Structures are given as C-alpha cells and as structure tokens.
Ligand code: FAD
C-alpha cells in the first residue's frame, strides 16, 4: 500500500485478497514510511500517519496485519517478501517519478510475481489511453466510453484467513512516530479543519454536512465553484483523494446518484473528479519530466522563449512570494490561505500560479517556485494534479494559445480586473484575513 491508504473501496487490496483466496493463503499489508518526501512537512506527514493509525484496527478486524516499514522501500519491501515467503506482491499505482522508481526497483529485486493495480482512477490509466493525451477534449471520450464498465459498485472485502507466516509485524508506537514526524516537519504545522482517515473522508463526502450529504452544497457547485468567497461550494475532498483515504470511484458512484436532481452540479463535479484528475495522471505517467518546461508543447516553449526578455513590472524572490509580500493583496491572501489553511481555493490557484509567471525573472524560476510552494504548503500537494496545475498555468499544457501579450506570450492570461468581475475580491481578502487570525488563535 502506498498511494491508496484505505481499507474500503480499494481495488489493490481487493485484488490481493482475491489472489490470496485462489492460493489459499492469508494477506498482509505493508506500508513503507520514508522520512523525506517531496518537501512534505508535519502538515502532510501528520495527516498520513494519523490516517494509517486509524486504518490499522480496520485491517486487524479482517485478520490483515499491517507491516509498517521504515527506510528505503527498495530494501525493506523485497526483504519482507522474502521473510514472509510471500507468493505474490500487489501494489497500488502511482504516476510520479519517485513512485515509479520504487515500484520498478522493487520489481527488479523480487522473485515472485508483482501486480500493479490502479486503485486511484476510475478507468485505470493504461486502459484509458496508451499515450500522452493532448487535452481534456481528447481524453474525455476515451474515458466516457469506458465508464459503463468501470464506474461500478465495489465488492465487500471479506475477513481473511488468520495470518500464519512465522513473521509478524512489530508493534507500532504511533505516539512516538507522530511526535517524530511532527517535530521533523514543524516548519509547516498541521491543520485542524480536515480530520484524516477513511471514516472522516466518507463523512466529508456524504455526511450531513458533507459535499453530497448537504444538498445545498452540491446545488451550489455548478454556479459557485469558481467563487472563492463561497469555499464550501467545492467538495473539499482533495486531501482525502490525494492520500487515498477516499476512492474517487466511491465519490463518483455516490455523486452520480444525485444526477436526477442536481444534473449540472453532478456533471461538473464528475468532469473534475474523473476527466481532469485522470488527465493529470495520464500526463505524469506518460511524461516522466512532467514538472519541467521541456515537457511543454512546442508552441508554449516558443512563446515563453520569445518573451523571456520582456520587462517585468514586478519581480519577486522566492522568499517574497513565500511570505506573501507582493503588491497585490489578492495574491497575498491566496498565499496566506495556502500557508495557514493548507488548501487554497481552486480558482485562486490559477491566478496565483499565473502571477508567479508574471512576476518571476524567468518561466523556469516561476515553475520551480510555484511547485515548491504548492508541495510545501498544500495538504493535497505533491500530486499529479499539482504538477499539471502549475504546468497548465505557466506552460500551457492541456490548453491552447491565446492573444499574445508581454511576458505570457500566448499563455492564457489572468488579471486582478478579471477576478473583480467574477467575484467580490474584498470579501475574499477579508475572509482570509479572518481565517488566518482564527487559525493563529487556535480557533480553526
Ligand atoms: P473540487 O472542485 O470539489 O474537485 C473535486 C476533485 O476533482 C478534486 O479534489 C480533484 O481531485 C479533482 N479536480 C478538481 N479540479 C481539478 C483540476 N483542475 N485538475 C485536476 N483535478 C481536479 N489539485 C490537487 O489535488 N493537488 C494539488 O497540489 C493541486 N495543485 C494545483 C495547483 C495549481 C496551480 C492549479 C491551477 C490547480 C491545482 N490543483 C491541485 C487542482 C485543483 O485546483 C484542486 O484539485 C481543487 O482545488 C481541490 O479542491 P476540491 O477537492 O474542493 O475541488
């Protein structure tokens, strides 16, 4: 288990159980904890470790032991396979380089079959398409044509035979582990508004105040999802989806039940949850240098190069961006939302990254800074969606050329005046000011 950290609705675990049943053997779950992961701090590690801690008794109730490994997975996982005499290793799927490196490295070292199951996408990435897709419009029909086959209910995971290998997991001292990750990552503290774990994820999806449970929220999605003054019009599910506490397929199946009443909202949500999210996985899987300008289309590289020498009205350093010290109160508010709350509103993320392009010395620097900040502070960061979001904003991937202008060239432009036309900028800035004050006072 790596990217999909849950017991229910998990195709990788279901596949492992089905294979074990064929062989008449028990199942164990292994999770390898690394101490450094793409700039993750206490915010992200705390969320993850707390989620794993909540998961352990759920596994135990099904007779599935959890081996919590620490260190280099290329060493620990093959060793565990050997020690337990496992006949098969199953992993979930990850499109990012480090996840690919781990999986390929482990595959090369073990002598038993190794199955990779995409438990993170409704249509498995390699089934949806066998190549890099150009844009949403090219992947959408491919995904939609396969939804009748893949957008289905999950089977129940049944209790497994008692664990019978001579090797049993060491007891985990969760308090000590948590203390360790919180101390190491203390520069970016945890947030309180988002409780980890698969039960909390289901509550956020369909509990009384959840996105689908509260019909008022779902009803607002269509009209208000691009209005950062109405944050709960969004589902707020991205942290759960990122850590795999919630299956996107579960979210999609539940959302689809509401189609008769909230057609436009449900369709809009499924477009983001399935098409846009799976397009991001498609891109990162098929484009290993996904976070580099070299991965942009020719027209985008060309236009950014043509405008490399354009005079910038403002140029900020990484530190100024990080501290929210630009001349633009809207940008600074979005940055504060991310730094303190750990989840910037989706609409603001586009504006935020595009302004980093406008106010950086070069597009390379802009991309580097935006990814670094995104990964450091967003609870849902270090995700294919994040690399695509930054590359879309700065390098035009999955987008088209627009009217040419300074610095941006033909990359789509966004500005303060446009935001003012779309939503109440003052209200958003005031909302974030109050939010940050509440967080600092320990009230949110
Ligand atoms: P909802 O609108 O409720 O969407 C539901 C789910 O659909 C999301 O959780 C997400 O999984 C998916 N989704 C929504 N919008 C997109 C999109 N544009 N592309 C791909 N999938 C989408 N998303 C992340 O999960 N992690 C990131 O680190 C991240 N960084 C981003 C950086 C930039 C610069 C940009 C422009 C976008 C980024 N996004 C990222 C995409 C998007 O902004 C977030 O997924 C969304 O705001 C999460 O909030 P939500 O779950 O409430 O959204």
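Before moving on, here are some points about what is shown:
- Residue 350 vs. criteria touching a helix residue (DSSP H, G or I) at 6+ places or on another chain (Cβ under 8 Å) and either part of a loop (DSSP other than H, G, I, E, B) or in the same structural domain as residue 100 (by TED's automatic domain parsing) (or both): no
- Checked against the criteria, residue 411 counts as crowded, with 23+ Cβ neighbours inside 10 Å and more than 9 Å from the ligand (Cβ to nearest atom).
- Members of the range 202-230 that are within 11 Å of the ligand (Cβ to nearest atom), crowded, with 20+ Cβ neighbours inside 10 Å and in a helix (DSSP H, G or I): 204, 205, 217, 218, 221
- In the range 233-269, the residues that are within 9 Å of the ligand (Cβ to nearest atom) and in a helix (DSSP H, G or I): 233, 238, 239, 240, 241, 242, 248, 251, 268, 269
- Scan of the range 174-201 for residues that are part of a helix (DSSP H, G or I) and within 13 Å of the ligand (Cβ to nearest atom), ordered by number: 201
- Residue among 130, 173, 72 that alone is farther than 20 Å from residue 245 by Cβ, assigned by TED's automatic domain parsing to the domain that holds residue 45 and exposed (fewer than 15 other Cβ atoms within 10 Å of the Cβ): 72
- Residue in the range 14-30 that is farther than 14 Å from residue 159 by Cα, part of a loop (DSSP other than H, G, I, E, B) and touching a residue at least 60 places away in the same chain (Cβ under 8 Å) present: no
- For the range 134-149, taking the residues that are assigned to a helix (DSSP H, G or I) and within 21 Å of the chain's Cα centre (by Cα), the one that is nearest to residue 297 (Cα to Cα) is identified as 136.
- Residue selection: residue 337 fails the criterion of being over 20 Å from residue 193 (Cβ atoms) and at pLDDT 95 or above.
- Residues in the range 89-102 that are without any contact (Cβ under 8 Å) to a residue 40 or more places away in the chain and buried (at least 19 other Cβ atoms within 10 Å of the Cβ): 1 in all.
- Against the list (1) crowded, with 18+ Cβ neighbours inside 10 Å; (2) more than 22 Å from residue 118 (Cβ to Cβ); (3) modelled with pLDDT of 95 or more, the condition residue 57 fails is (1).
- Exactly one residue out of 362, 393 is crowded, with 24+ Cβ neighbours inside 10 Å and either more than 13 Å from the chain's Cα centre (by Cα) or within 6 Å of the ligand (Cβ to nearest atom) (or both): that is 393.
- Within the range 253-269, the set of residues being under 19 Å from residue 385 (Cα atoms) and surrounded by 20 or more Cβ atoms within 10 Å (Cβ to Cβ) comprises just one member, 269.
- Of all the residues in the range 41-71, those that are part of a loop (DSSP other than H, G, I, E, B), in contact with a helix residue (DSSP H, G or I) (Cβ under 9 Å, 6 or more places away or on another chain) and more than 20 Å from residue 157 (Cβ to Cβ) number 1.
- Leading residue by the ranking (surrounded by the fewest Cβ atoms within 10 Å (Cβ to Cβ)) among those in the range 107-125 that are in contact (Cβ under 8 Å) with a residue 12 or more places away in the chain and in a helix (DSSP H, G or I): 109
- Annotation for the range 297-305: at least one member residue is touching a strand residue (DSSP E or B) at 6+ places or on another chain (Cβ under 7 Å) and modelled with pLDDT of 95 or more.
Every residue, every condition in (1) over 21 Å from residue 347 (Cα atoms); (2) part of a helix (DSSP H, G or I), yes or no:
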site	(1), (2)
398	no, no
418	no, yes
430	no, yes
437	yes, yes
443	yes, no
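The values are calculated or read from the model by the stated rules, or taken from the named source; none is laboratory data. The shown structure was predicted, so the numbers you read here are calculated from the model rather than taken from an experiment. With ideal geometry, Cβ positions are generated from the backbone for all residues, glycine too; neighbour counts draw on all protein chains shown.
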